[in-house]
Structure formats: structure tokens, C-alpha cells
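Values in this text are rule-based calculations from the coordinates and carry no lab data. Because the structure is a prediction, the values reported are computed rather than measured. No Cβ is skipped: glycine too gets one built from the backbone with ideal geometry, and neighbour counts run over all protein chains shown.
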Amino acid sequence: MLEKILETIEARGGGFVLVEYSSLDHPELVFAEIITSWREKGIKPLIVDIGDTLHIFTTKLQMMGVNIEVDNLPVIKEMGNVRVGNIIGEVHETEDFEYHMAKYAQIVKKVPEESRNHTIVLGMEKFSFTFTDNPPKLERYFEKINRRYLKYTDVRDFVFLNTSVASEYLTKSLEQDYDYVLRLTGIALSLVKTPGGENFEVQ
């Protein structure tokens, strides 16, 4: 169960988690289980919604008969037009890094204290579309936006990445930087990277 993985991460004091999936998988079910597990513990995570991925996930879940409540969760929206959740700010500029960082930093100040240590990022691959033909620019993104936060401890951050869409460069860069890598294949979720090097699968 995903619960076992979540417990493992919690027991180790948290970390940065990459959830890899393909276009044929159902990452929305993993997302729903994380939300449900955290809600049972009184945790209201921050959601970073890139390119309307939150809308896509919740719509697919509804079609499966799975309803999760996200209206009360703080959401930072990047790109896209469909507003889902409690939007606390929006950043649509991706080309200008300095502006992006400044805008994001202002929005982060609005994140409730109770949500600052638990974040779910949806649609990471969509953010990288701007840099498909420019790896150096994507590297600059990692240096300025992503890696600057890796020094923080006591966080539980989940980043969902569609590897059918993401470039190999993006995938490998995230795998290198993150503490844990989860890989969804069909209905099997594998923990393929941990700080301690253990691998195991859950159904």
C-alpha cells in the first residue's frame, strides 16, 4: 500500500518525492490516496497546479466514482485557466525567471502555516515545455527555482511527473535531486530510490 511508503517517509523525517507515471497509468489514484491519508492526520497540503492538472486529476477521479475534497486546500496556479481549489495566487510567466521567482515568493507568503511543510506539485512536465529545445535554460530553472529549496528539512513534497511527456533530461535531473522516486506501472507502485537504497513494491 501507498500508506506503507508514506509511513516510511514520515518515519525518516520527510523528504522530496518524485512520482513518475506514464500516460497509460492512473496517477490521480495515488494523488487521492495521499490527500486522504494526510487529511486523516489533519494535514492540509499546498497544491501547485501546473497547466490545469488538478482539474484533470479530479475530473478523472469523479468519473471513477472517487470524490476527494480539494476546495479548501491552498493552491498556487501556474499556467492553465481552470480554477480548482482555494487559489491563493497565480504565476503564468515562465520565460522570465527573475519575475517568476519574485511572483512565486510573494504568493508563498500567503500559504497558511499549517500547509507549508506538505506540498503536492502536479504537472511538472508541462512547466518544462518552454525549455524543450533549451536544456541550459532548464538547468537554470533547477538552479534558481528547484534546488534552492532542497536545503530545507522536515518537508513532505510530492512532485508528479508524466515521463511519457517529460524529456529524459528533465526526468534524470529530478531523479538525481530528489530523495525518493516512486514509479507507477499499471497498479503497482514501486519505491525505486530512497536515501538508504531500499527497493520494494506495493499493490
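Using the Karplus equation 6.51 cos²θ - 1.76 cosθ + 1.60 (θ = phi - 60°), what ³J(HN,Hα) coupling, rounded to whole Hz, does each residue of segment 6-16 give in order, writing x for Gly and Pro?
Computed from phi, the couplings for segment 6-16 are 4, 5, 4, 5, 4, 4, 9, x, x, x, 9 Hz.
Given a Förster radius of 22 Å and the C-beta distance between Gln176 and Arg12 as r, what FRET efficiency does 1/(1 + (r/R0)^6) yield to the nearest 0.05?
E between Gln176 and Arg12, to the nearest 0.05, is 0.70.
How far, in nm, would the chain grow between Met101 and Lys4 when pulled straight, counting 0.36 nm per residue and subtracting the alpha carbon separation?
31.4 nm
Under a crude label model (7 Å from the Cα following the beta-carbon direction), how far is Thr59 from Asn86 in nanometres?
With each label point 7 Å from Cα toward Cβ, the separation is 2.5 nm.
So which GluC sites (Glu not before Pro) in segment 47-116 pass both tests, a DSSP loop state and at most 16 other Cβ atoms within 10 Å of the Cβ?
Glu69, Glu93, Glu95
Of the listed pairs Lys4/Lys103; Lys41/Lys172; Lys41/Lys193; Lys41/Lys77; Lys103/Lys193, which have alpha-carbon separations greater than 30 Å here? Please list the in-between numbers first.
Working: Lys4/Lys103 37 Å; Lys41/Lys172 33 Å; Lys41/Lys193 25 Å; Lys41/Lys77 25 Å; Lys103/Lys193 33 Å.
Table pairs above 30 Å Cα-Cα are Lys4/Lys103; Lys41/Lys172; Lys103/Lys193.
Can you list residues from other chains, or at least 5 along the same chain, whose modelled amide H is less than 5 Å from the amide H of Val48?
Those qualifying (amide H under 5 Å, at least 5 residues apart or on another chain) are Ile76, Ile120, Val121, Leu122.
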